[in-house]
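The values are calculated or read from the model by the stated rules, or taken from the named source; none is laboratory data. Just so it is clear, the structure is predicted and the values come from calculations on it, not from any experiment. Here the Cβ positions follow ideal geometry from the backbone for every residue, glycine too, while neighbour counts run over all protein chains shown.
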Amino acid sequence: MTKKNFFQNLKALMLVLVAAVTLEATALVQYYFSQKGIREEAAKRAEGLLEATSNEILDVIDQGEAAVRNNIWIAQWTLDHLDSMARVSYRLVQDNPVVAGSTVALVPGYNAKRPLFAPYVCRTDTDSLQILSLATPEYDYPNQEWFVRPVELNNGYWSEPYIDEGGGEMLMTTYSMPVRDKNGKTAAVITCDISLDWLNELIESVKAYPHSCCILTSRSGNVMVSPAGAEEVRNQPHLSFGTIIERTGWSMTLVIPKQELFASLKRIGLLVGILQLLGLAMLILMLRSYIKGQFRYKALDEKRQRIEGELNIATGIQMSMVPKTFPPFPDRNDLDMAATIVPAKEVGGDLYDFFIRDEKLFFCVGDVSGKGVPAALVMAVTRTTFRNLSAHEDSPGRIVKTMNDNLSSMNESNMFVTFFCGVLDLAGGMLRYCNAGHNPPRILTDAIRTLPVEPNLPLGIMNGFDYKEQEIQLQYDDALFLYTDGLTEAENPAHDQFGEERMEDSLRGRMSATGRLESIKKDVAAFVGEAPQSDDLTLLFIHYLPRTHRLTLHNDINQIALLPGFVGEAVNASKLDPAQAGSINLALEEAITNVMMYAYPEGTDGIIYLDAAVSGNALHFTITDCGKAFDPTAREEVDVNASVEERPVGGLGIHLVRQIMDRVRYERIGNKNILYLTKNY
């Protein structure tokens, strides 16, 4: 071997070693950050699931507490009318489907004639109601936890889960509140029993991953619900995430096996290792060929063809990452959408994406700095991150902030992404959005106007930047047009740009979403002529066409019968529990009856409009009439602690409305009375 060949071989060996170390270091860094990202994503997914499940449980808890609070003043009245006391529990159970049983139990010795008195109303297997008595020596209600603790605490109290032998005969928890007489003395305890049978199905359905499980424990640490296989999951390496359910003291723990969580990462790591070995093997072969002078034009041509083939594959992969089927939601009639992306090279850095989750349209448009393969790689990371985050996060501000932090932490190439993220509530039309240095979208109503946006930084520039979230209410027939600067900066042979004025001219007139984008592309093509495309071009068009609800009533008390069907449809169109339709209907009956009685003089015919709309996180009702000025909210709050003799006549109806609805507001506009009622969820 000559000295020259020796040094050539040594240089080749050093090059292989450097390449091997570099590839391995890159793989380790990628593995570390990927594992970290998976952990963070699992934590956010678990947090979202636990919060949603906790809210479902609290919804039932809230209904039980509200049922007790709404009936406690009646229980106070029955302290002097013990024969009517069972009716309180009967009404409480009858009016609240989540309540399995109820009693008003006297404090021993409070009534001399009846030292122990506790009529109990509960549901039977046939869902009928039966009345029992808990005032038996065997049951001994004065020493039951549900009786003792609220008296000691002088406040409402949720009991430990128990099987109520001699009462409801089921696994339940009880909410109790002390009942005080007119002198402020604790005279009785009013309760509502909530069956816990439904918890098994709910907790078993909480799965962040196929083999994860959720465990529910009581305040004292007793296991309430533990799905089959939970012990096996806990005995292997795992991640645990927990939360406390307010007021009950219950703990909910989500357990995720590490083997399942990181399985895909291990498979990818194995694949990367194999590819590294193949790459090193190819590098060795190439170096040997180079040293021996075997590189020929044919080899270079084959390599060029292979690269072109890989670029074509990359183009197909990139296009497969964005939605391409239009209309995207053929079963919906409240949206008309279209989108397109035209890269300036084989692959590009523009992106768009959209999908519907929980009746919300999540969408985005982005533009990566630069072009070609580097921009395409950043585009793929950006789109994947958006999908992963928006799968469980509803706030566009938090989505954009987390995306920025992730991209900034790994942005060694100093590339950035202008990005617009929006979340449209399809039920109410509220659009929440966050702009990260992107071109402001256009809103198409009767005119074309620019959506106001905060001047936030693009993604990937500064870690920890505080992105401002904004919102705007969209109305029926409004449309949103999003684009990248490849549209306005498209140049003709004279280097004139297409510009925003020509863009807005192309947006005028009415046509379908697909027709709109085709029209814009034709206008751009006609303008640029033979000039080569200088930048990626992306367009997204969203036409909002929601449904509305209105009920027209005459000033006739018999028309109250039309309310249940209307309220049921409105509740079903919202996120409210259908079980709340009954209480909402009761509040609307009281409010509309007041309008019929006081706004219109007796014998006067009139029209009452009841509108329902979903907006944000609430169901809104608006009652409008043209009667004489009548403000039901002007009535003073009813003192439910006062006796019947001391309490002034009237006011119970609006008191009931205030108890059921979360917000009640009145306005007099012109000759119209307008009453707004809001129920949050």
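Pick from the stretch 24-44 the residues that are out of contact with any strand residue (DSSP E or B) (no Cβ under 9 Å at 6 or more places or on another chain) and basic (K, R): which of them is nearest to N388 (Cα to Cα)?
K44
You will find that of D367, D358, D394, the residue that is of a type in the set (D, E), in contact with an Asp or Glu (Cβ under 9 Å, 6 or more places away or on another chain) and modelled with pLDDT of 90 or more is D367 and no other.
Looking across the stretch 617-639 at every residue that is farther than 18 Å from G670 by Cα and surrounded by 17 or more Cβ atoms within 10 Å (Cβ to Cβ), the one that is farthest from the chain's Cα centre (by Cα) is identified as V638. Residues of the stretch 488-531 being farther than 27 Å from F326 by Cα and either assigned to a loop (DSSP other than H, G, I, E, B) or not assigned by TED's automatic domain parsing to the domain that holds R442 (or both), which ones? Listed by number, the residues that qualify are N492, P493, A494, H495, D496, G529, E530, A531.
Counting only helices (runs of 4 or more DSSP H) that fall entirely inside the stretch 228-331 and contain at least 3 residues that are over 30 Å from D367 (Cβ atoms) and modelled with pLDDT under 75, the qualifying elements are 230-234, 263-291, 297-320. Restricting to the stretch 378-419, name every residue that is crowded, with 20+ Cβ neighbours inside 10 Å, more than 19 Å from the chain's Cα centre (by Cα) and closer than 22 Å to L539 by Cβ. Those that are crowded, with 20+ Cβ neighbours inside 10 Å, more than 19 Å from the chain's Cα centre (by Cα) and closer than 22 Å to L539 by Cβ: V378, M379, T382, F416, V417, T418, F419. State whether one or more residues within the stretch 169-181 are buried (at least 17 other Cβ atoms within 10 Å of the Cβ), part of a loop (DSSP other than H, G, I, E, B), touching a strand residue (DSSP E or B) at 6+ places or on another chain (Cβ under 6 Å) and without any contact (Cβ under 8 Å) to a residue 60 or more places away in the chain. No, the stretch 169-181 contains no residue that is buried (at least 17 other Cβ atoms within 10 Å of the Cβ), part of a loop (DSSP other than H, G, I, E, B), touching a strand residue (DSSP E or B) at 6+ places or on another chain (Cβ under 6 Å) and without any contact (Cβ under 8 Å) to a residue 60 or more places away in the chain.
Go over the candidates L551, L537 one by one and state the one that is over 18 Å from A339 (Cβ atoms) and of a type in the set (A, V, I, L, M, F, W, C). Testing whether each residue is over 18 Å from A339 (Cβ atoms) and of a type in the set (A, V, I, L, M, F, W, C) leaves just L551. Across the stretch 535-586, the qualifying residues are those that are of a type in the set (V, I, T) and surrounded by fewer than 21 Cβ atoms within 10 Å (Cβ to Cβ), and the one among them that is modelled with the highest pLDDT is I560.
Among the residues making up the stretch 184-227, a single one is over 24 Å from the mean Cα position of the chain (by Cα) and assigned to a helix (DSSP H, G or I): D197.
Report yes if some residue within the stretch 231-251 is surrounded by 21 or more Cβ atoms within 10 Å (Cβ to Cβ) and either in contact with a strand residue (DSSP E or B) (Cβ under 8 Å, 6 or more places away or on another chain) or farther than 23 Å from A100 by Cα (or both); otherwise report no. Checking the stretch 231-251: at least one residue is surrounded by 21 or more Cβ atoms within 10 Å (Cβ to Cβ) and either in contact with a strand residue (DSSP E or B) (Cβ under 8 Å, 6 or more places away or on another chain) or farther than 23 Å from A100 by Cα (or both). Given the criteria touching a strand residue (DSSP E or B) at 6+ places or on another chain (Cβ under 6 Å) and assigned to a helix (DSSP H, G or I), does Y90 qualify? It is true that Y90 is touching a strand residue (DSSP E or B) at 6+ places or on another chain (Cβ under 6 Å) and assigned to a helix (DSSP H, G or I).
Can you name every residue in the stretch 582-616 that is hydrophobic (A, V, I, L, M, F, W, C) and more than 37 Å from the chain's Cα centre (by Cα)? Residues satisfying the conditions are M596, M597, A599, I607.
For A526, indicate whether it is at pLDDT 90 or above, over 31 Å from the mean Cα position of the chain (by Cα) and crowded, with 21+ Cβ neighbours inside 10 Å. Criteria not met by A526.
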